[in-house]
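Notes to accompany the following structure.
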Amino acid sequence: TPAPCMLSYVSDQVRGLERVLALSSSMNIAAVNMSLGGGQNLAYCDGAQAARKAAIDNLRSVNIATIIASGNSGYTNAIAAPACISSAFSVGSTGDGSSGATIDSVVSSSNSAAFLNFLAPGRWINSSIAAVGGSTTTFENYSGTSMAAPHVAGAWAVMKQRRPTATIAQIAHSLAASGLAVTDSRNSIVKPRINVGNAV
């Protein structure tokens with residue numbers, strides 16, 4: 001991984017999720033984004049990810065969804081952890097049509113599996129970056145499921161703003177049912193690329 005790269009322990013991630021839960025009593029929080037992960041999980045991984053699942057489930061109990069990047073290893077039958085947790089929502093990446101990226105085509109590096117939840121634009125996304133080493137560059141184009149997952153978390157917030165009483169299941173259904181059906185050419189799996197306007 002190129003520098004600068006931020007790494008964290010699972011315990012740090014759990015503490016972060018616990019902090020969001022604590023803040024939820026005084027703030028209106030719709031969703032948590034986790035643009036991180038690794039590994040090759042062919043199915044849900046709840047047992048192996050018990051600590052993170054417990055924290056995600058605690059957030060679900062107060063109607064906060066956890067959205068997680070599926071990973072960028074190019075797997076066509078597996079996704080990364082913690083996206084493989086059954087009570088989280090995993091997100092794969094599609095092209096957004098910019099800089100030569102094929103619009104609404106699953107990016108070849110994006111992990112995919114039958115139990116993936118959503119697709120969202122992840123190539124090429126103009127995103128903020130840390131200006132390091134005397135650089136004044138604060139935005140660059142990036143590709144990856146870590147660019148796609150925040151689109152779903154943001155969409156979740158828009159949906160909650162539109163209907164504050166909506167449950168996690170209702171929002172997930174709306175995003176899935178109103179999304180554009182995209183077929184992954186590598187494995188013929190069809191998943192919804194979210195469309196916030198349609199979902200609203």
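Remarks
- The residue that is farthest from Ala176 (Cα to Cα), counting only those in region 186-200 that are open to solvent by less than 80 Å² (accessible area, probe 1.4 Å) and of a type in the set (Gly, Ala, Ser), is Gly197.
- Of all residue pairs spaced 6 or more apart or on separate chains, those with beta-carbon atoms under 7 Å, a first member in region 117-128 that is in contact (Cβ under 8 Å) with a residue 24 or more places away in the chain and a second member that is in a loop (DSSP other than H, G, I, E, B) and open to solvent by 70 Å² or more (accessible area, probe 1.4 Å) are Trp124/Ser99.
- Members of region 102-149 that are open to solvent by less than 10 Å² (accessible area, probe 1.4 Å) and either among the small types (Gly, Ala, Ser) or touching a Phe, Trp or Tyr at 6+ places or on another chain (Cβ under 6 Å) (or both): Ser110, Asn111, Ser112, Ala113, Ala120, Gly122, Gly144, Ala148, Ala149
- Residue count, region 89-110 (criterion: within 13 Å of Leu36 (Cβ to Cβ) and touching a residue at least 40 places away in the same chain (Cβ under 8 Å)): 1
- Ser90, sole failed condition from (1) touching a Phe, Trp or Tyr at 6+ places or on another chain (Cβ under 7 Å); (2) among the hydroxyl-bearing types (Ser, Thr, Tyr); (3) outside any loop (DSSP other than H, G, I, E, B): (1)
Yes or no, residue by residue, for (1) open to solvent by less than 50 Å² (accessible area, probe 1.4 Å); (2) in contact (Cβ under 8 Å) with a residue 12 or more places away in the chain; (3) farther than 23 Å from Ser73 by Cα:
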site	(1), (2), (3)
Val10	no, yes, no
Leu17	yes, yes, yes
Ala30	yes, yes, yes
Ala43	no, yes, no
Gln49	yes, yes, no
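- Answer residue from region 103-132, given it is part of a loop (DSSP other than H, G, I, E, B) and modelled with pLDDT under 95 and is farthest from the chain's Cα centre (by Cα) among those: Val132
- Note on region 133-155: among residues that are among the small types (Gly, Ala, Ser) and within 30 Å of Ala176 (Cβ to Cβ), the one that is modelled with the lowest pLDDT is Ser143.
- Any hit, region 52-73, residues being more than 25 Å from Pro121 (Cα to Cα) and among the hydroxyl-bearing types (Ser, Thr, Tyr): yes
- Residue check for Gly74: surrounded by fewer than 18 Cβ atoms within 10 Å (Cβ to Cβ), modelled with pLDDT under 95 and not hydrophobic (A, V, I, L, M, F, W, C): no
- First in region 180-194 and at negative phi, second anywhere and among the charged types (D, E, K, R) and surrounded by 13 or more Cβ atoms within 10 Å (Cβ to Cβ), Cβ under 6 Å, 6 or more apart: Leu180/Arg193; Val182/Asp104; Val182/Arg193; Arg193/Asp104
The values are calculated or read from the model by the stated rules, or taken from the named source; none is laboratory data. Keep in mind that this is a model prediction, so the values were computed, not measured. Don't worry about glycine lacking a Cβ; one is built from the backbone with ideal geometry, like all the others, and counts go over all protein chains shown. Only protein heavy atoms, including side chains, enter the accessible area calculation; ligands, DNA and RNA are left aside. Shrake-Rupley method; radii C 1.70, N 1.55, O 1.52, S 1.80 Å.
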